[in-house]
Amino acid sequence: MAEDKPFIVRVAVLSPLRQLFDYLIPNNVIDEWPDFQPEVGCRVMVPFGRREVVGLIVEHANTSEWDLDKLKPVSRLLDSGPLLPTELLELFIWAANYYQHPIGDALFGMLPVLLRKGDPLPTVGTRYWQLTNKGKGLGSDSLKRAPSQKELIERLLIDDSLSDSTLSRDFSRAILSSLEDKQLIESFQKTGADISVANILKQDALALHESQRLALEKIDQHSFNCYLLDGVTGSGKTEIYLQAIEQTLRYDRQALVLIPEISLTPQTEKRFRDRFNVPIVTLHSGLTDKQRLTAWTSAKRGSAHIVLGTRSAVFTPLARPGLIIVDEEHDQSYKQQEGFRYSARDLAVSRASKEGVSVVLGSATPSIESLNNCASDRYKHLLLTDRAGSAKQPNWSLVDLKNEKSEAGIAMSTLAEIRQTVENGHQVLVFLNRRGFAPAIICHHCGWSAECHNCDSRLTVHRARNRLICHHCDYQQRVPHLCPVCQGQELIAVGEGTERSEEYLEACFPQTKVLRVDRDSTRKKGSMQEIFDIGSSGEPCILIGTQMLAKGHHFPNVTLVAVLDADSGLFSPDFRSHERLGQLLTQVAGRSGRGDTPGRVIIQTHQPQHPLLEILIGRGYSFFAQQIMDERRITQLPPFRHMALIRAESDRANEAETFLRTARSIAERINRPSPLMGYLGPLPAMLERRAGRYRFVLQIDAHKRSLLQMLLDALIVEINQHKDARRVRWSIDVDPQEM
């Protein structure tokens, strides 16, 4: 490199500033590594203000808008090669620009924590076990009192070495640890996969019914394609995923599988590990920093053949990308709601396009956006209309709560159906999307109710913890014994939550297990797996819980689903509420009748004649979704118009509102209101005060996505320089999922 041509790199750092920063590669670095090319995607340590921070090289340059004598040099180089492949780095940059988020914050927010701190990539491989010299010399009479340990030793005498995953299927972790402590076995790492094409499967694939076979045959893995696998609950979508992944592995490529919730990870991982004889890693928020980095590195280097993960796993590098699957593609969890507000589902499609691979979006209740993409021929629609095996679609019925006596949210006729189901030896799923004992506590004498000090909401009663808790900011206090206003002693818990319904069902069915599944009952590590194991065992029980129960769980002996309150989604001001209600009811109903016994679904409502419920029950989700799509087209709501929200919050309501008025004024000057560009607000958010801060929103919608992006690009530059922007917290949400 000639000295008269300075080597400049543009670096992203973890910062709220919406720009890259220019640095020089100093001559001593060039002299020390004459063959070194500071590649895009490598990390560097750079001075930033008064500190040194980790940065990521995004661009090379020979010139800078700044004087060269003002540019600081890179302190040191952290990587000998790029952390991210070119296509993935381009996706990061595109996503940061599209979702209008600072590029450094977007890039570093998606990297494992230890990489953000400057740690090196670890050495990774598959863990194997072998006998030590001491273990090889054991006599035949050894370990007579520990038959399982003896059996493991004999296995290793035959096979020389076995992978950790293989031994863990047949022997407990305690047995492995005990033999390791006795210095009879030892572990080591194999960095190569050592998996032959003929040895990919542990279990044979299941036989496919005709519609499954046709769907699988249409998935072309030789170029970019986007498929919507639209199958009724229990139709065998997961088996299609597994067999499509088998094809991917036989092409010596990797598969990335996204799932919506961490609670689904154990059962999904088990199903994949039971089927495949290849290294599998999982990525989710429950991992330690070290575990996450190890899994991330295994995916990057190609030693992990299958990567399972929640939302942020869409940014995981793959050495040999082959297939991306997004299960339950309709789920809200794929949209990040704080900070970098990206949609993992939409980015999975963009990533597949950049990497030239296929992506499969699967759901029994596809989003209106995906159905519209099928109607526009952007996605290929694969339909599964029948359940797998002998399972049949459940029968639905409505219970009119106006004409029924109920206790703890359960109508007497529903209780009788639950009793009959349990007596027949089957399982029941009771759905109530409201955790806690009761949503409010009031004084019988003066009407006082316990409200959150920080939010415009009431405190929820959690009797098991003897606490009143705000479900928005987590403010907590003890349940009072006396009314703080009139000192009355008669405080009443009003309404129903999962705790109250659980208590009532336990009293009604003392001989039957009642298992509550919500965020409170599954906090303890392994608790969700324990509940899943009981449900999968088929023993008669009653499962009661929130929407955690509605997402993808397979309990073959559940033959009755009871939805205690279907009304909450009928009257929400959010235009997406009806779509979500249909998805939620269909998903939870789909837990019923997945085995040989036909299933039933009971929907409790005060609105049995509501047209949406009649359409959903009488015509099914597909017709229901088409009706909603037609309404959206008429009213010009997404996906037929493109939307962004500017959100602002402050501890003073007038400051947040004033800032958004300023933002609207600037936006209207850039692009005046017209049929092509519309503005609404500023308006108070649906929950105006949260965690002590007042929240307002400004809605902007446009006929074309490009028109909206051009406006936002110009608007951000101007409002960043405005004095009001420093008085509030503000953010932009492109393609918002929550209003």
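Annotations
- Set of lysines near Lys524 by C-alpha distance (under 27 Å), chain-local residues within fewer than 8 positions excluded: Lys270, Lys290, Lys335, Lys513, Lys551
- Computed log₁₀ I(q)/I(0) - Debye formula, equal Cα scatterers, no solvent, segment 199-384, q 0.14, 0.19 Å⁻¹: -0.72, -1.43
- Sites listed here are trypsin sites (Lys or Arg not before Pro) in segment 318-350 whose DSSP assignment is loop and whose Cβ has at most 11 other Cβ atoms within 10 Å, and the list is empty.
- Whole-number percent relative contact order across segment 128-266, with pairs defined as alpha carbons under 8 Å at least 6 apart: 24 percent
- Reachable lysines from Lys134, criterion Cα separation under 20 angstrom, eight or more residues apart if same chain: Lys144, Lys150, Lys182
- A cut-off of 5 Å between modelled amide H atoms, ignoring neighbours fewer than 5 places along the same chain, links Val53 with Val46, Phe48.
- Where GluC sites (Glu not before Pro) fall in DSSP loop in segment 655-739, at most 16 other Cβ within 10 Å: Glu738
- The charge dipole of segment 642-734, taken about its Cα centre with unit charges on the Cβ atoms of Lys, Arg (+1), Asp and Glu (-1) only, comes to about 120 debye.
- Charge dipole (segment 501-573, unit charges on Cβ, about Cα centre) - positive-most of Val561, Ser521, Leu505: Ser521
- Residues whose amide H comes within less than 5 Å of that of Arg467, counting only those at least five positions distant or on another chain, are His462, Val479 (H built at 1.01 Å from N in the peptide plane).
- With a Förster radius of 22 Å applied to the C-beta separation of Glu503 and Asn403, the computed FRET efficiency comes to 0.30.
- Nitroxide proxy distance, nm - points 7 Å out along Cα→Cβ at His703 and Asp204: 6.0 nm
- Take every Cα pair under 8 Å whose residues are at least 6 apart in sequence, average their separation, divide by the length of the chain, and the relative contact order is 11 percent.
- Here the relative contact order of segment 199-384, from alpha carbon pairs under 8 Å that lie six or more residues apart, stands at 35 percent.
- The distance linking segment 225-264 with segment 526-582 is 22 Å (Cα centroid to Cα centroid, whole angstrom).
- Pairs from the list Lys237/Lys380; Lys190/Lys354; Lys190/Lys300 with a Cα-Cα gap above 25 Å: Lys190/Lys354.
- For the chain, Cys42, Cys226, Cys374, Cys473, Cys508, Cys541 stand unpaired, since no other cysteine beta carbon lies under 4.7 Å from theirs.
- Taking amide H as placed 1.01 Å from N in the peptide plane, Ser15 has its amide H under 5 Å from the amide H of Gly104, Asp105, each at least 5 places away in sequence or on another chain.
- J(HN,Hα) series, segment 647-658, from Karplus relation 6.51 cos²θ - 1.76 cosθ + 1.60, nearest Hz, glycine and proline x: 9, 9, 9, 7, 6, 10, 4, 5, 5, 5, 5, 4
- Using θ = phi - 60° and Karplus 6.51 cos²θ - 1.76 cosθ + 1.60, couplings along segment 239-254 (whole Hz; Gly, Pro as x): 5, 5, 4, 4, 6, 5, 5, 4, 4, 4, 5, 6, 8, 6, 10, 9
- Listed values for segment 678-693 are Karplus-derived 3J(HN,Hα) couplings in whole Hz (6.51 cos²θ - 1.76 cosθ + 1.60, θ = phi - 60°), namely x, 10, 9, x, x, 10, x, 5, 4, 10, 5, 10, 9, 6, x, 10, and x replaces Gly and Pro.
- DSSP beta bridges in the chain [antiparallel fraction, %, rounded to 5]: 55 percent
- The packing ranking of peptides 567-573, 113-119, highest mean first, is 113-119, 567-573, where packing means the average number of other beta carbon atoms within 10 angstrom of each residue.
- Segment 8-116 gives an Rg/Rh value of 0.94, both radii derived from C-alpha positions and Rh following Kirkwood.
- Overall form of segment 356-475 per C-alpha gyration tensor (a/c, 1.5; a/b vs b/c): oblate
- Cα centroid of segment 324-398 to Cα centroid of segment 404-429, whole Å: 34 Å
- Each 20 Å bin from zero up to the one holding the largest Cα-Cα distance in the chain carries the following percent of pairs: 14, 43, 35, 8, 0.
Rule-based calculations on the coordinates, nothing more; no lab input. Just so you know, these numbers come straight off a predicted model, no measurement behind them. All Cβ positions, glycine included, derive from the backbone under ideal geometry; neighbour counts span all protein chains shown.
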